[in-house]
Amino acid sequence: MHAVFLVDTDKKLLKAISQKLADSGLSVKTFSQPKEAIFAFIEAVPDVVVTDIHLPVMNGIDMIRQMRSYNTYSYYILYTALKDTTVFRDIVLANPDDLVDKEKKHSEITLIQSIKDAMARTDKELIKQGIPRNRRSAVLLRALIDTLPSGLLVLDNDDHVVIWNNNACRITSIDTKSLRGAHKKELPVIIHQLLDPELIQIVHQDEQGEIRYIEKTVQEISLEGGKKNMVVVFSDTTTLTNAKHDMEQYIMEMAETKDLMEEQAAQLAIALAEVDEKNAIIGEQNKKMIHELEMAGELQKSLLPDIYQIFNGVSFASKYIPSIQIGGDLYDIVTLGQGLTGFMIADVSGHGVAAALVASMFKMSFHTHAANIASPKILFHMLNDEIKSILAEDYITSFYLIVDRTQNTITYSNAGHPSPLFYRKATREILELDTNGYFIGMFEDGDYEEKTISVSEGDAILLYTDCILETENAAGQQFGGQRLLDLFGRAIEDKHGQDVIAMIEADLRSFCVQETFSDDFTCLLLEFIDLTAIEPIEAPPEESHAGEFEEF
């Protein structure tokens, strides 16, 4: 059943609208406080969120931003009065999916129709854009948090509990429902002890009256806009602490008599056997963790396009090799209609799980906007605005080009990514495609630009990540751009598709003389194999705007 969140201070209005939506078979939750809506959002993400701008404590704009930081596939509708023109800037910054003027006649009917339209879009267009797979990624992240071997407690900038995982419940016997969303002042004594940075170990009596020892670390994390989160990671060390106390007692007794020393030696042997047993358990847990990382890597690969396809006369070949089980490289293809096809490659700074999560968020944002925006630089500006508020220290390089088959041109923009190589068959020359533009997520204004050039049948474009350029040989020399340019020039003369990429990979492995690369290897090849002219789609009448792209 589709779920809808309604957030407004007018309780009569909430009751009236929720009743009409419930009659249509929708699951509706109403909130007067934005904080309550955010905590409910964390527990179960709805399909549609309807909110006024003017809310207590936190306005609707900030609430939408915080919800989008958790998950981006929900549909957001602003239902507010527009007589005050000062709200228009906030509305643009919020970038809602729809806007309904609360003071217009029959506004409730308009709102209900907008919600129903959003549901239809969820059922059709979002599934086409890959949202279900991204939803599984969000579920995977929640499952990873709940299967951490330690307890995890996180307080937001306003001292409300936002994360209390399964192991935290097990260690303290305090369930999640009683804590999540609670303010620091309302928390029990043991939680205040966990938050106290001066305490390293906590002695706690459980429900059975047994003494438990808890060791912890407290870390304050700075977020965008000066906000801070308090993070506590803790573990039940009762067994180890008791073993330590026992060992100290054994040593004292061993000094008394020889017989006691022999007895303690036997007990020590037993303790060592238990340690070996625990080490074996830890080893099994490590194997399980590696297996889960391998599964995550397979999931990440499943989100990438097939290694060989043909789009509108453009042959597409690719190869992706993560340096470990999961990585931060990604690429994607989007069909915009009207003879336009977009090809994107990106590289997240860093490696491992963190880079993979950032890559997943970037892919979600890209797929959400790319199908409706026919300008690479405008798309990069939008992605930079969204991603910068999420990233703390990381950044993303990316290159995006759109092939226009009605004009046989490509329009491209570069966000700090290694410049692709463009091969013109007519002259056999190789050009570097580059534009101005900073990394995504690093600056408020990425200063992106775009360029357009013509393409002909037989031309080709090689896109890649910095692994190829920065791989070093035994002497510490990098493979470099000139070596890649010369290699590509030789390969493209008599090879095509995967054979070109295979030749580049083989040459790179021979250069570095290593079985694995130190960074993620990603290489894409676009070949223009059939540029028979495509007639442009006839423009609709002037009063209609069907088929046009959004402009920002």
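Nothing in this text is a laboratory measurement; each read-out follows from the coordinates by a stated rule. Since we're looking at a predicted model, the values are computed, not measured. For neighbour counting, all protein chains shown are included, and Cβ atoms are generated from backbone atoms with ideal geometry for every residue, glycine included.
Values for this structure:
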| item | result |
| --- | --- |
| Local electrostatic count, LEU93, Cβ distance below 9 Å [Lys/Arg +1, Asp/Glu -1] | 0 |
| Rounded, prolate or oblate (a/c below 1.5 giving rounded, otherwise prolate when a/b exceeds b/c) for segment 3-128 by Cα gyration tensor | rounded |
| Cα long-axis angle, helix 131-146 against the chain (0 to 90 degrees, to the nearest 10) | 20 degrees |
| Segment 185-223: GluC sites (Glu not before Pro) in DSSP loop, at most 12 other beta carbons within 10 Å | GLU198, GLU207, GLU210 |
| Tilt relative to the chain, helix 107-121 - C-alpha long axis, 0 to 90 degrees, to 10 | 90 degrees |
| Extension gain (nm, one decimal) between GLN407 and GLU449, 0.36 nm per residue minus Cα-Cα | 13.1 nm |
| Cα convex hull of segment 312-443, projected area averaged across orientations, nm² | 8.6 nm² |
| Cα-based helix-to-principal-axis angle, 376-388 vs the chain, degrees rounded to 10 | 10 degrees |
| Value of Rg/Rh across segment 427-520 [Cα atoms, Kirkwood radius] | 1.02 |
| Loop chymotrypsin sites (Phe, Trp or Tyr not before Pro), segment 415-489, which have at most 16 other Cβ atoms in a 10 Å radius of their Cβ (DSSP) | PHE443 |
| Base-10 log of normalised Debye intensity for the chain (one unit scatterer per alpha-carbon) at q = 0.06, 0.10 Å⁻¹ | -0.41, -0.98 |
